[in-house]
Amino acid sequence: MDTQVGIVGGGPAGLMLSHLLHLQGIESVIVEARSRERLETEVRAGVLEQNTVDLLRETGVGDRMDREGAVHHGIELRFDGQGHRIPLSDLTGGCEIVLYGQHEVVKDLIGTRLDAGARIVFEAEAVGLRDIESRKPTIRYRHDGEDHELRCDFVAGCDGYHGVSRPSIPAEERTEYDQKYPFGWFGILAEASPSSDELIYTLHERGFALISTRSAKVQRMYFQCDPNDDAESWSDEQIWEELQTRTETHDGFTLNEGPIIEKSVVGMRSFAVEPMQYGRLYLAGDAAHIVTPTGAKGMNLAVRDVSTLAQALTAWYEKGQTKLLDDYSNTCLKRVWKTQRFSWWMTSMLHSFHDDEGFQHNLQLAELDYVTSSQAAATSLAENYVGMVFDE
Ligand code: PHB
C-alpha cells in the first residue's frame, strides 16, 4: 500500500492531521494500534483552548462540540479556604475555553474522516519505520496477524510517548528531557450534578484538587496522590473525604457527590524531545512531548503541532517549498517550551511537595495571592490558559 503521508497513531494529533491534509487535497493513511471503540470511549482530558475550538469550527468538525460542549469564561483558584476567580475572557479580549472530552473530539474526527473515505487501519500495531532518511519511508505494521508495509512520502509520528516513532530517530541525534514529579493524579468520573459553573483548581495542605465537568450529569475530578497508589485500593468514601477536605471553603462550598463510575491514577511528568524531526519523520503530540495536566494543554499542543505540520506539508505538495518543513521542529519547540513552562508553573504553584517545613507551601500561597490580586499576573495566567500565543 502507498500513500502520501503515513500517519502512525489515530489519537487527536493523527486524526486532526489527516483531516487537515484531506482539506488540502493530500492523501494519508492512519495506522492505529487501538480499536475504534476504545479510541472513542477512553476518558482523557477535556479542556479545549480557543485555538483548538477555532480550528475545529473552521474545518467543519465543531458542530457537536458547539452543541454539547460547555463554554467557560473563567476558572477559580482556591486556597486558604477561599475561591478567587480568574476572568479568562475579560483578561484576553474575549477568548474562551470549551469543556468537551478528548474522546468526543476523537469520535467526531473519526466520523468525519471515514465519511470522507479515509483509510484508518484500526488494531494495527506499528512495529517499525524504515528508510526515514530516504524519499520513500515505510511504516511496518501488523494487522490481523499479518505483516504489512505502508510506503509514503512522509511519516507523521503521532503514536504517543510509547510509540515506535520517537525511538526511530537515532539516539545520538536526539536529546530527551524528562522531569518526574513525586505525585500523581487520582482521577474520577462521578454521576453527580455540577458543583460549580467553572473549573476549580485548589491548593490545600493535603495537596492539589481539581473540580472539572463533562456534562450536567457527569463530573470529572482529580486530586493529588502518591503516583504508586492503586486506584482500586481507594474506597469511594475515602475519595469523597479527600475531595471534600481539599475543596472546603469558609463560606460553606458544597461538593456534590454521586456514584463513581471510573477511577484511575496517572503519574505526572514533563517530557520533551529535540529535534521533533529526522529525515522524513515528523513527530507530533505525545510522541514528542508530555506536559503536566495542570495547564490543560496536552491535546491543545498536539493540535498545534499538526496544524503547523499540515501547513508545511501543504507548502511542499503545492509549491515544492521545503522551508516550513525545515522549520517544523524549531517552530513547534518554541511553543512546546512555552507550554512546558506554563504547565510546570501551574503544577508547582498548586501541588504539595511535602518536602520541608512549609517554606514551599508559603511561597505557593504568596504566588496564588499575587496571581489572584494583580491584574498583570492574572493576565499572564489567562493568556497562557486560553492559548494566546505570540509565536506565529
Ligand atoms: C479535565 O476536565 O479532564 C481537566 C481539566 C483541567 C485540567 C486537566 C484536566 O487542567
- prompt: Just for the range 36-53: of the residues that are outside any helix (DSSP H, G or I) and out of contact with any strand residue (DSSP E or B) (no Cβ under 8 Å at 6 or more places or on another chain), which one is modelled with the highest pLDDT?
  reply: Glu42
- prompt: Of (1) under 13 Å from Leu189 (Cα atoms); (2) open to solvent by 80 Å² or more (accessible area, probe 1.4 Å); (3) modelled with pLDDT under 95, Glu257 satisfies all except one. Which?
  reply: (3)
statement: Note on the range 197-206: residues open to solvent by 30 Å² or more (accessible area, probe 1.4 Å) and within 30 Å of Met65 (Cβ to Cβ) are Asp197, Glu198
- prompt: If the Cβ limit is 8 Å and pairs must be 6+ apart or interchain, which residue in the range 37-50 that is hydroxyl-bearing (Ser, Thr, Tyr) pairs with which residue that is open to solvent by 20 Å² or more (accessible area, probe 1.4 Å) and within 12 Å of the ligand (Cβ to nearest atom)?
  reply: Thr41/His103
- request: Could you grab me the full set of residues in the range 328-347 that are farther than 15 Å from Phe271 by Cα and in contact with a Ser or Thr (Cβ under 9 Å, 6 or more places away or on another chain)?
  value: Tyr328, Thr331, Met346
- prompt: Here are some residues: Thr245, Thr249. Which one is β-branched (Val, Ile, Thr), in a loop (DSSP other than H, G, I, E, B) and touching a strand residue (DSSP E or B) at 6+ places or on another chain (Cβ under 9 Å)?
  reply: Thr249
- request: Filter the range 29-48 down to residues that are of a type outside the set (A, V, I, L, M), away from the ligand (no atom under 16 Å from the Cβ) and open to solvent by 10 Å² or more (accessible area, probe 1.4 Å) and give me whichever is nearest to the chain's Cα centre (by Cα).
  value: Glu40
query: Do you know which residues across the range 122-140 are open to solvent by 10 Å² or more (accessible area, probe 1.4 Å) and touching a residue at least 60 places away in the same chain (Cβ under 8 Å)?
result: Phe122, Glu123, Glu125, Ala126, Leu129, Ile132, Glu133, Ser134, Arg135
- request: Inspect all residues belonging to the range 59-82 and state whether any of them is more than 16 Å from the ligand (Cβ to nearest atom), in a strand (DSSP E or B), open to solvent by 30 Å² or more (accessible area, probe 1.4 Å) and not hydroxyl-bearing (Ser, Thr, Tyr).
  value: yes
- prompt: Among (1) in a strand (DSSP E or B); (2) over 22 Å from Thr41 (Cβ atoms), where does Ser264 come up short?
  reply: (2)
task: Please give the helices (runs of 4 or more DSSP H) falling wholly within the range 277-392 in which 1 or more residues are among the aromatic types (Phe, Trp, Tyr) and open to solvent by 10 Å² or more (accessible area, probe 1.4 Å).
output: 298-319, 323-350, 359-373
- prompt: Mind checking whether some residue in the range 108-115 is surrounded by 15 or more Cβ atoms within 10 Å (Cβ to Cβ), assigned to a strand (DSSP E or B) and of a type in the set (Lys, Arg)?
  reply: no
field: Failed item, numbered, when Thr245 is tested on (1) away from the ligand (no atom under 16 Å from the Cβ); (2) β-branched (Val, Ile, Thr); (3) touching a residue at least 60 places away in the same chain (Cβ under 8 Å); (4) closer than 23 Å to Leu199 by Cβ
entry: (3)
query: Across the range 158-196, which residue is surrounded by the most Cβ atoms within 10 Å (Cβ to Cβ) among those that are among the acidic types (Asp, Glu) and over 22 Å from the mean Cα position of the chain (by Cα)?
result: Glu191
- request: Determine the pairs where a residue that is under 29 Å from Gly207 (Cα atoms) and modelled with pLDDT of 95 or more, located within the range 169-192, has a partner that is assigned to a strand (DSSP E or B) and open to solvent by 70 Å² or more (accessible area, probe 1.4 Å) with Cβ atoms under 7 Å apart, the partner being 6 or more residues away or on another chain.
  value: Gly184/Val266; Trp185/Val266; Gly187/Val266; Leu189/Ile261; Ala190/Ile261; Glu191/Ile261
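For the range 207-231, name all the residues that are open to solvent by 60 Å² or more (accessible area, probe 1.4 Å) and within 27 Å of Asp355 (Cα to Cα). Can you show your working first?
Start the filter on the range 207-231 by keeping residues that are open to solvent by 60 Å² or more (accessible area, probe 1.4 Å), which leaves 216-217, 226, 228, 230.
Once the filter is applied, which keeps residues that are open to solvent by 60 Å² or more (accessible area, probe 1.4 Å) and within 27 Å of Asp355 (Cα to Cα), the range 207-231 yields Asp226, Asn228, Asp230.
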message: For Val53, only one of the following conditions fails: (1) more than 16 Å from the chain's Cα centre (by Cα); (2) within 16 Å of the ligand (Cβ to nearest atom). What is its number?
response: (1)
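The values are calculated or read from the model by the stated rules, or taken from the named source; none is laboratory data. Just so you know, these numbers come straight off a predicted model, no measurement behind them. Using ideal geometry, Cβ is built from the backbone for each residue, glycine included, and neighbour counts are taken over all protein chains shown. Note: accessible area is taken over every heavy atom of the protein model, side chains too, but ligands, DNA and RNA are not part of it. Shrake-Rupley method; radii C 1.70, N 1.55, O 1.52, S 1.80 Å.
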